[in-house]
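The values are calculated or read from the model by the stated rules, or taken from the named source; none is laboratory data. Since this is a predicted model, take the numbers as computed values, not measurements. Cβ: placed from backbone, ideal geometry, glycine included. Neighbour counts: every protein chain shown.
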Amino acid sequence: MWTLDGEGPLYQQVYRAVRRAILNTDLAPGTRVPSTRAFASDLGVSRNTVILAYDQLLSEGYIATREGSGTFVATDLPEDLTEAIRSDRGDAQSDDIFTPRLSAYARRFRNLTNGRQLSWQSHEPMHRFDFRYGRPNFFDFPHDTWCRVLGRRARRASIHQLDYGPPNGREELRSAISEYLWRSRGVVCTPEQVIIVNGSQQALDLAARTLVDPGQRVVIEEPHYPGARIAFETAGAEIVAGNVDEEGLQVATLPTDDSIRLAYVTPAHQFPTGASMPIQRRVEVLAWAEKCGALIFEDDYDSEFRYTGRPVEALQGLDRAGRVIYAGTFSKLMFPALRLGYMVLPAALVQPMTAAKAATDTGCPSLEQLALADFMKEGHFDRHLRRSRTRNARRREALLSALQEHLGDQVEIGGVNAGLHILAWLRGFATRRLPALRRRAAERGVGIYPVTPYYRQPPKKAGLLLGFASLQEKEIQQGIARLAEIIKQPPPNPKPAESGKPSDLGQAD
Ligand SMILES: Cc1ncc(COP(=O)(O)O)c(C=O)c1O
């Protein structure tokens, strides 16, 4: 029954095998799944591999644990499971229902995402002390001012505003962005080089579709932002993973031949480690791109929040050869539902990218673009940025001092200079204990997020991404105090092997 497909990390192969068995009801709802120990020995893999696979199935709702009695196939399957079942049977023919054959592109996407939607929408309820990351603090946003500016534009409703807009975006907003980027990030561009996109995810998709042919090689960071890998892999790219150290992507270890089409980097605040790339490394990246004839995709997703050290300007500002595609987003500075971002393109790419954007959606909504341009020109954006930078600096300080006070040298902290999250490595804490830690923390109202899913090969150390923007300083203190108590609790005694009982995932030893 158990066949591994041989593709990618072992724990992903195990995950897919169990998921397949659930989808085609070899493992019916309510059935007990094999214990991690027995299953690992059946498959000839380590127990840790099975624990990671089960943890993913657990977090996606395919299986559930019952305190004291083991792990079972969920009886209330996740909402999008029926869709997954359908797409899993995508090529099967049925007597009365026509099943369209998917394109190679769609099949690649389905295989990469295991038939699920690529969505950052959070379905988990917010915890009392939620260290979620990747979101600004929604209460910091000057909502009343935004409503006023938006309302004023909406009331004007001129023909200019109601007709189709330019596919590359409203000139008003492109000008405001090019002025802002020059002033704040050292990006050198004219408004004509700016394209307004529906968030940086669309920038990634456009770059993948217009620049990469199936079989061409694309460098991504390891660990990495999955939205980038999925965009390039779906376009058929062969992924080359470049390791990351405390200065970001290690360019010296990358191949230098001309089979590399593009490298995706997050130099200001590497996602997820938070490493900040110093100027020497940036120059090296550009020299490497020159050597192998590659383009660079610079994802500058949250660099506005910089707390210590001199801000290093964007790679784009150092590029004299027109090799850098720069992308930024309003998701962290305004709010993600706005779905507005921008690309700054080398002149030669403006026309092809605009054409691809027009073919996809004929342009972003005008009303929000015009209101955002007003919001920026009237100084509300800068004011909001200054205010939220100060508040986030205080939250970050509170997090660092709480970690120091409650966990001291039990944690090693990285990525603290910028952004809205830090990475905390738990010294002497086994990675296999993370699922249980997460569950216990949630039971006590603390939301924590392991860094593991961002690695192609799971790291040997236990790391947590701790976002600090959504909480106030006092909540950060209390949340970390609770978390430290749970971390310091000794792991429960392993059950004797001869009991034959399947182990609770979290109690895995
Ligand atoms: C590294 C990175 N790039 C891009 C994005 C996506 O931004 P957007 O909402 O503009 O698509 C995110 C979102 O969290 C991110 O973490």
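Within region 182-196, not a single residue is over 23 Å from VAL344 (Cα atoms), part of a helix (DSSP H, G or I) and more than 24 Å from the chain's Cα centre (by Cα). Of the residues screened, GLY227 is one that is within 24 Å of the chain's Cα centre (by Cα), closer than 19 Å to PHE109 by Cβ and assigned by TED's automatic domain parsing to the domain that holds GLU284. Scanning region 446-495 for residues that are within 24 Å of GLY227 (Cβ to Cβ) and part of a helix (DSSP H, G or I) yields THR452, PRO453, TYR454. Could you check, for region 56-75, whether at least one of its residues is of a type in the set (Phe, Trp, Tyr) and surrounded by fewer than 22 Cβ atoms within 10 Å (Cβ to Cβ)? Yes, the conditions are met somewhere in region 56-75.
Among residues of region 272-308 being within 13 Å of the ligand (Cβ to nearest atom), of a type in the set (Gly, Ala, Ser) and under 25 Å from PRO458 (Cα atoms), the one that is farthest from the chain's Cα centre (by Cα) is ALA275. Scanning region 421-444 for residues that are part of a helix (DSSP H, G or I) and not basic (Lys, Arg) gives THR431, LEU434, PRO435, ALA436, LEU437, ALA441, ALA442, GLU443. If only residues of region 196-221 that are within 11 Å of the ligand (Cβ to nearest atom) and polar (S, T, N, Q) are counted, the one that is surrounded by the fewest Cβ atoms within 10 Å (Cβ to Cβ) is ASN198.
When TYR164 is tested against (1) among the hydroxyl-bearing types (Ser, Thr, Tyr); (2) outside any helix (DSSP H, G or I); (3) more than 16 Å from the ligand (Cβ to nearest atom); (4) within 30 Å of GLY236 (Cβ to Cβ), exactly one condition is not met: (4).
Conditions first: (1) under 29 Å from ARG148 (Cβ atoms); (2) within 14 Å of the ligand (Cβ to nearest atom); (3) at pLDDT 95 or above. LEU370 passes all but one, so which condition is the exception? With respect to (1) under 29 Å from ARG148 (Cβ atoms); (2) within 14 Å of the ligand (Cβ to nearest atom); (3) at pLDDT 95 or above, LEU370 is out only on (2). For the residues ILE196, ILE220, the requirement of being closer than 19 Å to PRO9 by Cβ, β-branched (Val, Ile, Thr) and in contact with a helix residue (DSSP H, G or I) (Cβ under 9 Å, 6 or more places away or on another chain) singles out ILE220. For PHE335, the stated conditions do not hold, so it cannot be described as buried (at least 20 other Cβ atoms within 10 Å of the Cβ) and aromatic (Phe, Trp, Tyr).
Among the residues of region 337-354, those that are assigned to a helix (DSSP H, G or I) and either free of Cβ contacts under 8 Å to residues at least 24 places away in the same chain or touching a Lys or Arg at 6+ places or on another chain (Cβ under 9 Å) (or both) comprise ALA337, GLN351.
Considering only residues in region 230-264 that are surrounded by 16 or more Cβ atoms within 10 Å (Cβ to Cβ), assigned to a helix (DSSP H, G or I) and β-branched (Val, Ile, Thr), the one that is nearest to the chain's Cα centre (by Cα) turns out to be ILE230.
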